[in-house]
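The values are calculated or read from the model by the stated rules, or taken from the named source; none is laboratory data. None of these values were measured; they are calculated from a predicted model. Positions of Cβ are backbone-derived with ideal geometry, glycine not excepted, and every protein chain shown enters the neighbour counts. Accessible surface areas use protein heavy atoms only, side chains included; no ligands, DNA or RNA. Shrake-Rupley method; radii C 1.70, N 1.55, O 1.52, S 1.80 Å.
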Amino acid sequence: MHVQEWLETVPAVSIYALVALVIGLESLGIPLPGEIILVSSALLASQHGDIDPVVLGVCATAGAIIGDSIGYAIGRKGGRPLLARLGARFPKHFSEGHIATAERSFQKWGMWAVFFGRFIALLRIFAGPLAGVLRMPYWKFLTANVLGGILWAGGTTAVVYYVGVVAESWLKRFSWLGLVAAVLIGLTSMLVLRRKARNMAPEREPVPATD
């Protein structure tokens, strides 16, 4: 069953709790689809009056901030052996390559890695525990954690909710014409992005000839 179809069968209070829990566990360091749950719930709120988008955003923000803080405490106490254990349990997400990439981001950007990590799936899982392992000062972590949590969770909820409201109203007015336009816009965007990616790709160096 699709995530949104399943959420439609759940009471509003349960959705608030589910969003806070899933996002909190993801921020703590457990690889869960927090962003998918949040987007689906915000879109559902735009279509059903039973779900308050403000309460939804607050729950998502609280889950993000609290989960990240718990992850920081666990990482600070567990140290690098914790990352090794996570790598053994979740090799797809906590591989040595992913850990090295996240660690380089922290060394380069510091507390900004926690802030911007909210918007990157890999860093969203790593941010809390890795900040604790690397002994980032807690006040720096907390500042970036709170600001990033508010902007990501609250901002995502607001944007998806209002886009959903506008899209539903627009599609009701224009019916199939709106659907066709949406498909054309989506295809055009995909082609433009593909062309940009192809232009940005580095050219392969010629292989030297062998005698």
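Would you mind getting me the FRET efficiency between His48 and Trp109? Use the beta-carbon distance for r and R0 = 35 Å, nearest 0.05.
That gives a FRET efficiency of 0.35.
Using a probe of 1.4 angstrom, how much of the accessible area of the range 107-155 is carbon and sulfur, in percent?
Taking all protein chains in place, the range 107-155 shows 75 percent carbon and sulfur surface.
Relative to the present Cα-Cα distance, how much length would full extension add between Tyr162 and Ser14 at 0.36 nm per residue of separation?
Between Tyr162 and Ser14, full extension yields 51.1 nm more.
Just to verify a number: FRET efficiency for Arg85 and Val55, C-beta to C-beta distance, R0 = 45 Å, to 0.05?
Computed FRET efficiency for Arg85 and Val55 comes out at 0.80.
Expected output is a single nm value to one decimal: the length gained when fully extending between Leu32 and Thr143, i.e. 0.36 nm times separation in residues minus the C-alpha distance. What is it?
So the extension gain works out to 37.6 nm.
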